[in-house]
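In what follows, a structure is listed as structure tokens, so that the remarks can point back to it.
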């Protein structure tokens, strides 16, 4: 009788343990990652322009450079470019040394100075050609690269995230149907990598006295996003 009672107690404990394990078992899930992309035409141009001047003394080179750069800034302001959209990116003063004839040794002697001043300018894309033309006409003799960007990418990112969620759902439904299971409630949604449009650079060759503003082609940029969604499956 005692053995019967003990065995009954053991089976009761084992039954409770198995039930507890069944209750604590993790539900079956399906996890899928979706991606979304949205293309848009840039609306902003970022220009680099400046002035390089040379003179016998550093003082003379600096004075000439200051006059030329003031003309450049005045031109930008007349075109409606705000102060916040103009930023000095480089200023340098370099000595110019005497050039020696080939295979001839000569003393390292300073014969002049070069002053260089560069400004980065942000303008509406539609004004880029006119701004470049005006910069050269006002005395800028250094035109660097031009890059294109989207001023406000947030609405595009929202659209890309929505496309990423739809892509994840479509993929999950395909896999669930192939595996013979049914998607249940969503357990989690995790945002993945979101990539804002990167600036697109283009080198500009602009000559002085251009008859018309140079043409500017911005092309397209891509905004991308990804999400990872987990479903319970039945």
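Taken together, the values in this text are just the output of simple stated rules run on the coordinates, not laboratory data. Remember, it's a predicted structure, so these values are computed and weren't measured experimentally. As a convention, Cβ positions derive from the backbone with ideal geometry for all residues, glycine included, and neighbour counts pool all protein chains shown.
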Inset, instruction - Between residue 83 and residue 188, with labels modelled 7 Å along Cα→Cβ, what's the label distance in nm to one decimal, could you check? - result: 5.0 nm
Legend entry - Label-point gap, in nm, between residue 154 and residue 166 - each point 7 angstrom along Cα→Cβ: 2.3 nm
Inset, instruction - Could you pull out which residues in the stretch 101-123 have an amide N less than 11 Å from a spot 7 Å beyond the Cα of residue 94, following the Cα-Cβ vector? - result: 114-116
Legend entry - Spacing of the two label points (7 Å from each Cα toward its C-beta) at residue 57 and residue 104, in nm: 2.9 nm
